[in-house]
Amino acid sequence: MSEHKVSVIRGDGVGVEVIEEGIKVLTAVGEQYDVTWNFIEHPWNSDYYFEHGRMMPTDALDQMAESDVIYLGAVGHPDLQDHVTLNGLLLPIRRTFDQYVCERPSVLYPGITSPLRDPKPYDIDMLVIRENTEGEYAEVGGFQYAGFEEEIGIQSGVFTRRGCERIITYAFEQARRHDRRKHVTSITKSNALGYGMLVWDRAFDRVAEGYPDIETNSLLIDAACMDFVRRPESFDVVVGSNLFGDILTDIGAIITGSMGLAPSGNIDPERRFPSMFEPVHGSAPDIMGKGIANPMAAVLSASMMLRHLGHDDAADVVDKAVIFLIGQGEILTPDLGGTSSTSQVGDAIINALGKG
Ligand code: NAI
Ligand code: MG
């Protein structure tokens, strides 16, 4: 028997709704595999901000540091500027816990209709590895003459040799996994961003030398966006900076069916701190409260969490249940062409555990 302490931040909007289903599934699969969950709920979201003037308490990171993992829904509120929610909660967690890897798989499952023309199941099967602690999202910059006509905003990208090398190394290690095609694509823009992105390119070349068994190529971000649509089957492992990885994974999500299917893990590979698992999607205010958000991205994120905690068998069972349900095509939320509710899909995933 094993027991895990999980910090849960449901957050805002559909985040609350999908995490409910994720917890249901984790509880059910935990009973089958002798895993006990100690869920610690943290009520940190936009409402917390409206009440306290901050997204989370000053000791929030200390509170979570003792957990094995963090399970997050999404944060974002129409009445709050997104940089407040992001810089007040999400980014400090990623940085403080040095979750320098953001791992985001994009897989086209049988039964999904892609907006692309006729790709076959598993034609799209890629793993985007996004740098998660520096790059374009580093909090480095400033204003001058804020609010005046002369207003200036300076936003700097931070690309360190150490930061680039460690994320690229992680990508190469993933490419060596038995289920991958042993190919790594580097995403760059060093033609226009001739400083930081050159540090990135050089790091990629250096790291690649240590992996002669892995094929590589390098693409400019704009060309990569085109090829994600034109020939997504050409990608296996893709490694990119914070911003480029963010953009590419929305394309990866939609060509494989829905934002409601895309999971992610924010990982500290050295396991000094808790890693955090969350769906790629946001709080989706356009559908919140209607009970129609697809919980599959949150459930597949929970499966990544299981894998991180060493419960590969349980993770496989969860993945298979979701894939089984998609293939059946009967109990699905509207984003996948169905008429079922969030909780009906959650229940159906639990019923499908052990199938597929
Ligand atoms: P979004 O991901 O919330 O929504 C984009 C589209 O996908 C919408 O049409 C939405 O209805 C749909 N969608 C998202 N999740 C879905 C699900 N589970 N099932 C079915 N359909 C789903 O992105 P958007 O609209 O750009 O952002 C909304 C808010 O979320 C903003 O405040 C933003 O800052 C925040 N956000 C937060 C993130 C996080 O906490 N990690 C990530 C992305 C956005
Ligand atoms: Mg994003």
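A few points about this structure:
- Against the conditions (1) among the hydroxyl-bearing types (S, T, Y); (2) farther than 18 Å from S303 by Cβ; (3) buried (at least 21 other Cβ atoms within 10 Å of the Cβ), T58 satisfies every one except (3).
- Selection within region 179-209 - over 27 Å from E136 (Cα atoms) and at pLDDT 95 or above: K182
Residues are listed down the side, and each one gets a yes or a no for (1) modelled with pLDDT of 95 or more; (2) assigned by TED's automatic domain parsing to the domain that holds G88; (3) under 23 Å from A208 (Cα atoms):
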| residue | (1), (2), (3) |
| --- | --- |
| G142 | yes, no, no |
| S156 | yes, no, no |
| R161 | yes, no, yes |
| R166 | yes, no, yes |
| Q174 | yes, no, yes |
| R177 | no, no, yes |
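- Test: residue in region 244-255 that is hydroxyl-bearing (S, T, Y) and either more than 13 Å from ligand 1 (Cβ to nearest atom) or in the same structural domain as L90 (by TED's automatic domain parsing) (or both): no
- Considering residues of region 225-258 that are away from ligand 2 (no atom under 16 Å from the Cβ) and of a type in the set (G, A, S) only, the residue farthest from G157 (Cα to Cα): G257
- Only listed residue being more than 30 Å from H42 (Cα to Cα) and crowded, with 17+ Cβ neighbours inside 10 Å, chosen from I124, I129, I93: I124
- Residue satisfying condition, being touching a residue at least 24 places away in the same chain (Cβ under 8 Å) and in contact with a Pro (Cβ under 7 Å, 6 or more places away or on another chain), within set L72, L108: L108
- Single match in G291, G310, G282 (criterion: out of contact with any helix residue (DSSP H, G or I) (no Cβ under 6 Å at 6 or more places or on another chain) and under 21 Å from L336 (Cβ atoms)): G282
- Those residues of region 267-283 which are in a loop (DSSP other than H, G, I, E, B) and under 26 Å from D47 (Cβ atoms), in sequence order: P274, V280, H281, G282, S283
- In region 209-232, the residues that are without any contact (Cβ under 8 Å) to a residue 24 or more places away in the chain form Cβ pairs under 8 Å with partners that are in a helix (DSSP H, G or I), at six or more places apart or across chains, as follows: D227/S234.
- Any chance G88 is assigned by TED's automatic domain parsing to the domain that holds P295, of a type outside the set (A, V, I, L, M, F, W, C), within 16 Å of ligand 2 (Cβ to nearest atom) and within 23 Å of the chain's Cα centre (by Cα): no
- Close pairs from region 37-54: first of a type in the set (A, V, I, L, M), partner modelled with pLDDT of 95 or more and crowded, with 21+ Cβ neighbours inside 10 Å, Cβ under 6 Å, at least 6 apart: I40/S7
- Conditions (1) buried (at least 20 other Cβ atoms within 10 Å of the Cβ); (2) at pLDDT below 95: number failed by L26: (2)
- Any chance I267 is within 14 Å of ligand 2 (Cβ to nearest atom), within 29 Å of T333 (Cβ to Cβ) and aliphatic (A, V, I, L, M): no
- Members of region 134-171 that are of a type in the set (S, T, N, Q) and over 30 Å from H183 (Cα atoms): Q144, Q155, S156
The values are calculated or read from the model by the stated rules, or taken from the named source; none is laboratory data. Please read these numbers as outputs of a predicted model, since none were measured by experiment. We place every Cβ from the backbone using ideal geometry, glycine too, and count neighbours over all the protein chains shown.
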